[in-house]
1. Return only the number of the condition from (1) closer than 20 Å to T121 by Cβ; (2) free of Cβ contacts under 8 Å to residues at least 60 places away in the same chain; (3) of a type outside the set (F, W, Y); (4) touching a strand residue (DSSP E or B) at 6+ places or on another chain (Cβ under 7 Å) that P89 does not satisfy.
2. Residues of the stretch 106-148 being within 21 Å of T88 (Cβ to Cβ) and either charged (D, E, K, R) or assigned to a helix (DSSP H, G or I) (or both), which ones?
3. Read through the list (1) crowded, with 18+ Cβ neighbours inside 10 Å; (2) at pLDDT below 95, then give the number of the only condition that A38 fails.
4. Of the residues F46, F120, F125, which is within 19 Å of the chain's Cα centre (by Cα), open to solvent by less than 40 Å² (accessible area, probe 1.4 Å) and within 30 Å of I29 (Cβ to Cβ)?
5. Among residues belonging to the stretch 16-32 that are modelled with pLDDT of 90 or more and either basic (K, R) or in a loop (DSSP other than H, G, I, E, B) (or both), point out the one that is least open to solvent (accessible area, probe 1.4 Å).
6. Cβ-Cβ below 8 Å, separation at least six or inter-chain, first residue in the stretch 25-36 and within 12 Å of G76 (Cβ to Cβ), second part of a helix (DSSP H, G or I) and open to solvent by less than 60 Å² (accessible area, probe 1.4 Å): which pairs?
7. Considering (1) open to solvent by 30 Å² or more (accessible area, probe 1.4 Å); (2) at pLDDT 95 or above; (3) not in a loop (DSSP other than H, G, I, E, B), say which one K100 fails and leave the rest.
8. Filter the stretch 66-92 down to residues that are part of a loop (DSSP other than H, G, I, E, B) and closer than 20 Å to A31 by Cα and give me whichever is least open to solvent (accessible area, probe 1.4 Å).
Amino acid sequence: MKTLLGFAWSLALVCSAASAAADSVLERISAGGKLVIAHRESSVPFSYVDAKTGKPVGYAVDLCLRMAEVVRKKTGMKEMQVEFLQVTPANRISMIEQGKADLECGSTTNNAERRQKVAFTVPHFITGARLLVKASSPINRVEDLMGKR
């Protein structure tokens, strides 16, 4: 539960205010506002639209909905509305920056350039790339693949 509270506080940091006078997310919700969760259409298994229900689902969406519950408790707003906003890879960061969404649930890579624009919570998925070749192959480094198909 402490981790979820940490996520909730991170949520307040994730939001970029549309103006300097804008309230924080938690203040806005405490005043009766809604929580807007950005989601992707087809970032399986993290965030995608269920073909049968037309609703956003996925691992990251589940985490965001858990964070929404923490925000409800933190603000005391039992009737807090949660709205979903579908975003694309091209506009997901700007939707947070512009204050059109409070958080984004998907597979957005946490890098230095993006951290200058928005805040990230604790990573929930880490990946990397590896290459596999036969032991008898002369390929020992990625650079050995230059010019090859």
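The values are calculated or read from the model by the stated rules, or taken from the named source; none is laboratory data. Keep in mind that this is a model prediction, so the values were computed, not measured. Don't worry about glycine lacking a Cβ; one is built from the backbone with ideal geometry, like all the others, and counts go over all protein chains shown. The area values use the complete protein model at the heavy-atom level, side chains included, leaving out ligands, DNA and RNA. Shrake-Rupley method; radii C 1.70, N 1.55, O 1.52, S 1.80 Å.
1. Single failed check for P89: (4).
2. Matches in the stretch 106-148: E113, R114, R115, K117.
3. So the condition that A38 fails would be (2).
4. When all the criteria are applied, what remains is F46.
5. Among them, the one singled out is G32.
6. Partner pairs satisfying both residue conditions: L26/A8; L26/L11; L26/A12; L26/V71; L26/T75; I29/V71; I29/T75; S30/T75.
7. (3)
8. Ranking the candidates gives M80 first.
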